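Beneath this line is the structure, given in structure tokens, with notes to follow.
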Amino acid sequence: MSTITVSAPGKLMLLGEHAVVYGKPCIVTAIDQRMHATVTLTSEPLFHLDAPDVQVENYEKPMNILGEGDIPKGAKFVEQAVHNFLKKHPYSGGLTIRTFSDFHAQFGFGSSSASTVCVIGALAKLLNPSMEKKEIFDLSYQTVLDIQGKGSGFDIAAAVFGGTLFYVSPGTTIEPLDALELPLLIGYTGVKADTVTLINEVKKRAEKYPQDIERIYEEMASLAMRGREAVEKKDWKTLGELFDFNQGLLESLGVSSLKLALLIHSAREAGALGAKLSGAGKGDCMVALTEGNEKKSVIEALQTHGQYIEIACHAEGLRTE
Ligand code: MEV
């Protein structure tokens, strides 16, 4: 076999963002919007990448200098992923890679992490088929840290394992939860959030108010643990209330925004069981839980104040197409 196509899901954080960077648990769900990669082994030792979604076309360089020199922004994760894989599993040929996505990189669904997982997953299938999912996770997480320096790896866990996970960084706990019927609705702010900038902003606040922020993280950890129970009991009313608590704490970290607050409050007023921002904050998406008749009015509220994105959660992890 010398060519393969794989795909991996994007993600949405349900509870515990930011605190998860500091060792607290979070809950993440994989979504049915996927990243895809086709990887072909070639004989000439040349790396060739097409990633049209991030404006990379016909990008080429010799295999022996991967990870060196100027790398276009859209190629960084994939090139580093290949570099990291080949450091552990040497190979003397070349590679042609094409990545393409079901979703826009602006949504904050984790396109860089999902493309990293796709490339490492495809190389594993082609060059080392006995590689375990946990090793794919570890190599992918290392790649993200090499490129962006920070992050908990929850998005990598969602891309590799799929489903809905109770996760503790750096992958010490990756526990699947039964959340097939999670009644989640998604609103998009239209604003791109920058995760590293936001992690740094929260860090600054924590330097000024270390004990207060630690107490917030502790409380978020407790919400994630209670959230795990609520998910398993399919107690959406309680999970909605935990969303609202978590949103209050994220406000205290300073990562909400007018647009997020508008979407969140209008979803609640339209009858949502709870609503919160999802991810780094100050943009990207929010999530709302609804049951029964309220679904239609919550969707209308999201459409009025931003963009409603129709997705299913609890999607399958990394898979061969
Ligand atoms: C970003 O989507 C979520 C953060 O917790 C960062 C991370 O966990 O890597 C802010």
- Message: Given the options Lys203, Lys150, name the one that is within 16 Å of the ligand (Cβ to nearest atom), free of Cβ contacts under 8 Å to residues at least 60 places away in the same chain, loosely packed, with under 15 Cβ neighbours inside 10 Å and closer than 19 Å to Gly23 by Cα.
- Response: Lys203
- Note on region 275-321: residues in a loop (DSSP other than H, G, I, E, B), more than 16 Å from the ligand (Cβ to nearest atom) and more than 30 Å from Ile120 (Cα to Cα) are Thr290, Glu291, Gly292, Asn293, Gly306
- Out of Leu239, Leu289, Leu253, Leu277, sole residue that is buried (at least 22 other Cβ atoms within 10 Å of the Cβ), under 17 Å from His18 (Cα atoms) and among the aliphatic types (A, V, I, L, M): Leu277
- From Ile199, Ile186, grab the single residue that is of a type outside the set (S, T, N, Q), at negative phi and touching a Lys or Arg at 6+ places or on another chain (Cβ under 6 Å). Ile199
- Message: Between a residue in region 229-244 that is touching a residue at least 12 places away in the same chain (Cβ under 8 Å) and any residue that is surrounded by 15 or more Cβ atoms within 10 Å (Cβ to Cβ) and of a type in the set (Phe, Trp, Tyr), which pairs come within a Cβ distance under 9 Å, given they are 6 or more apart or on different chains?
- Response: Ala230/Trp236; Val231/Phe166
- Val255, sole failed condition from (1) touching a residue at least 12 places away in the same chain (Cβ under 8 Å); (2) away from the ligand (no atom under 16 Å from the Cβ); (3) not charged (D, E, K, R); (4) not in a helix (DSSP H, G or I): (2)
- Taking Ala261 as the residue in question, decide whether it is part of a helix (DSSP H, G or I) and within 16 Å of the ligand (Cβ to nearest atom). no
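Among the residues of region 274-290, is there at least one that is among the β-branched types (Val, Ile, Thr) and under 20 Å from the mean Cα position of the chain (by Cα)? It would help to see each step written out before you state the result.
Step one: list which residues in region 274-290 are among the β-branched types (Val, Ile, Thr), which gives 287, 290.
From the residues that got through so far, the ones that are under 20 Å from the mean Cα position of the chain (by Cα) too are 287.
Scanning region 274-290 turns up at least one residue that is among the β-branched types (Val, Ile, Thr) and under 20 Å from the mean Cα position of the chain (by Cα).
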- Long-range neighbours under 6 Å by Cβ, at least six apart or interchain, first residue closer than 14 Å to Thr189 by Cα and aromatic (Phe, Trp, Tyr) within region 277-302, second in a loop (DSSP other than H, G, I, E, B) and near the ligand (Cβ under 10 Å from one of its atoms): none
- Message: Looking at Ala272 and the list (1) within 16 Å of the ligand (Cβ to nearest atom); (2) of a type in the set (A, V, I, L, M); (3) touching a helix residue (DSSP H, G or I) at 6+ places or on another chain (Cβ under 6 Å); (4) not in a strand (DSSP E or B), which single condition is not satisfied?
- Response: (1)
- Task: Among residues belonging to region 80-109 that are more than 16 Å from Met35 (Cα to Cα) and assigned to a helix (DSSP H, G or I), point out the one that is farthest from the ligand (Cβ to nearest atom).
- Result: Leu86
- Go through (1) buried (at least 17 other Cβ atoms within 10 Å of the Cβ); (2) at pLDDT below 95; (3) under 30 Å from Met131 (Cα atoms) and name the single condition Gly162 misses. (2)
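The values are calculated or read from the model by the stated rules, or taken from the named source; none is laboratory data. Values in this document were obtained by computation on a predicted structure and should not be read as measured data. Glycine gets a Cβ as well: all are built from the backbone with ideal geometry, and neighbour counts include every protein chain shown.
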